[in-house]
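Below: the structure, in structure tokens.
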Amino acid sequence: MLKSEVIQDAKRRMQPFPCEGFLHGEGNERARVLFVGEAPGRTEIVTGKPFSGQSEKSFEAYLQLIGLSREDIYVTSTVRSRPYKTDSKSINKPVQERGNRTPTKREIAAHAVLLDETIASIQPEIIVTLGRIALERLAGSQFKVSVQHGKPFCTKLRSYGSEGTYTRKNWSIVFPTYHPSAIFYRPAIKESILADMKELKQLLTIL
């Protein structure tokens, strides 16, 4: 899907940052639904499979609730490399043993072209953003997952160019929901996620 030179350029832009590995997207390149996460974790970098770590069971539950499989959808992430911690507690550990962290704006920008071109290639009917990072990357920081989850909306996606961010001319449907790993830290949102998936399944039946 993505040209090798585009991937290599993105990898070079990521080199100054404390991130490791590279994870390709996975799934049906003609999918109606594109899931966009935050960044791979340690397990994903080893397996080469999105959502194969701690959040795998939760993500598979999402798909089961909407009646789809990984072969039906495409899944990728805002950043394709794993951002690892660099704090004083982590600095003396090997990179592979350090915890994950949220990607920075500069790291998001370094890999922005990969997400832009993935969306342009697949042209999904619905883009499901998993968590804050993906939602803000594509729709802007004015949207909050806690407010917008389960509520699809049309927007002109934020893209990146040589002079910074810009909005695309075409409209896209974005469906925000919580990141699959969020349930481990906030068990109370389980019912909200179930309701979100019910709304997503209904949306798919009318498009």
Query raised in the report: When you go through 74, 84 one by one, which is the residue that is within 27 Å of residue 18 (Cβ to Cβ), in contact with a strand residue (DSSP E or B) (Cβ under 9 Å, 6 or more places away or on another chain) and modelled with pLDDT of 95 or more?
Result: 84
Query - From the options 105, 156, residue that is open to solvent by 70 Å² or more (accessible area, probe 1.4 Å) and either over 25 Å from residue 1 (Cα atoms) or within 16 Å of the chain's Cα centre (by Cα) (or both) - result: 105
Report summary line: Expected single match for touching a Lys or Arg at 6+ places or on another chain (Cβ under 8 Å), surrounded by fewer than 21 Cβ atoms within 10 Å (Cβ to Cβ) and on the phi > 0 side of the Ramachandran plot among 164, 140, 99, 150 is 140
Report summary line: Per the list (1) among the hydrophobic types (A, V, I, L, M, F, W, C); (2) closer than 23 Å to residue 24 by Cβ; (3) touching a residue at least 12 places away in the same chain (Cβ under 8 Å); (4) surrounded by fewer than 18 Cβ atoms within 10 Å (Cβ to Cβ), residue check on residue 120 breaks on (3)
Query raised in the report: Looking at this structure, is residue 182 closer than 28 Å to residue 100 by Cβ, open to solvent by 50 Å² or more (accessible area, probe 1.4 Å) and out of contact with any Gly (no Cβ under 6 Å at 6 or more places or on another chain)?
Result: no
Query raised in the report: Can you find even one residue in segment 33-42 that is crowded, with 21+ Cβ neighbours inside 10 Å, at pLDDT below 95 and assigned to a loop (DSSP other than H, G, I, E, B)?
Result: no
Query raised in the report: Among the residues of segment 46-53, is any among the hydroxyl-bearing types (Ser, Thr, Tyr), farther than 18 Å from residue 194 by Cα and either open to solvent by 50 Å² or more (accessible area, probe 1.4 Å) or part of a loop (DSSP other than H, G, I, E, B) (or both)?
Result: yes
Query - Members of segment 171-191 found to be in a helix (DSSP H, G or I) and either under 12 Å from residue 55 (Cα atoms) or among the polar types (S, T, N, Q) (or both), listed by number - result: 182, 183, 184, 185
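The values are calculated or read from the model by the stated rules, or taken from the named source; none is laboratory data. Here the structure is a predicted model, which is why all the values come from computation and not from measurement. Every residue, glycine as well, gets a Cβ built from its backbone with ideal geometry; the counts of neighbours run over all protein chains shown. Heads up: the accessible areas ignore ligands, DNA and RNA and are worked out on the full protein's heavy atoms, side chains in. Shrake-Rupley method; radii C 1.70, N 1.55, O 1.52, S 1.80 Å.
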